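Okay, structure first, notes after.
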Amino acid sequence: MSTDNPVNVLYIDDEVHNLNAFKASFRRTFSVFTAESAMEGKKILEKEPIHVILCDQRMPGMTGIEFLESVIPEYPDPIRILLTGYEDITAVIDAINKGEVYKYIQKPWNDDDLRINIEKAFEIYSLRKENKELIESLLIVNKQLQFLLRQNLL
């Protein structure tokens, strides 16, 4: 990944040692933001342009899926990854259907695999952003062409 345009990654987990391990592993590769709760995670989203959100499933007060689902209306663009130490097919289905989760990764993670998945998530983020910008440009050009067409027909 380019150092000119770092990937902003938010990792939310109530287990501080997981946050510290993540930071230690990825702080040189990504711009890492961590939060110990869903509330802290939302505060970071308010202040920082986050590209990829990683969230633990089992947290007190709000599950990872509930958090990811709750931020979609206000922050639809970040790509969401759910991390969990538990196998739960219901959580997997909910993650996909409710939280619009890109990946479901089991703990403990493999650093290389997780890095690759974050990089792929950022590629998706970038492509979606580029597509939005292209669509907006096309709409503007289309309006201009319609205007010119009307002018010539009058």
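Here are some notes:
- Among the residues of the stretch 7-20, those that are free of Cβ contacts under 8 Å to residues at least 60 places away in the same chain, part of a helix (DSSP H, G or I) and either in contact with an Asp or Glu (Cβ under 9 Å, 6 or more places away or on another chain) or charged (D, E, K, R) (or both) comprise Val16, Leu19.
- Residues of the stretch 45-57 include at least one that is charged (D, E, K, R) and crowded, with 18+ Cβ neighbours inside 10 Å.
- Residue that is modelled with the lowest pLDDT, among those in the stretch 5-44 that are farther than 23 Å from Gly85 by Cβ and loosely packed, with under 14 Cβ neighbours inside 10 Å: Asn5
- Which numbered condition Val52 fails, given (1) under 23 Å from Glu123 (Cα atoms); (2) of a type in the set (Val, Ile, Thr); (3) without any contact (Cβ under 8 Å) to a residue 60 or more places away in the chain: (3)
- Test result for Ile44, in contact with a Cys (Cβ under 8 Å, 6 or more places away or on another chain), touching a residue at least 24 places away in the same chain (Cβ under 8 Å) and among the hydrophobic types (A, V, I, L, M, F, W, C): no
- Candidate set from the stretch 106-154 (those that are of a type in the set (S, T, N, Q) and exposed (fewer than 12 other Cβ atoms within 10 Å of the Cβ)); member that is nearest to Phe33 (Cα to Cα): Asn110
The values are calculated or read from the model by the stated rules, or taken from the named source; none is laboratory data. As the structure is a computational prediction, the values presented were derived from the model and not from experiment. Cβ coordinates were reconstructed from backbone atoms using ideal geometry, including for glycine residues, and neighbour counts include every protein chain displayed.
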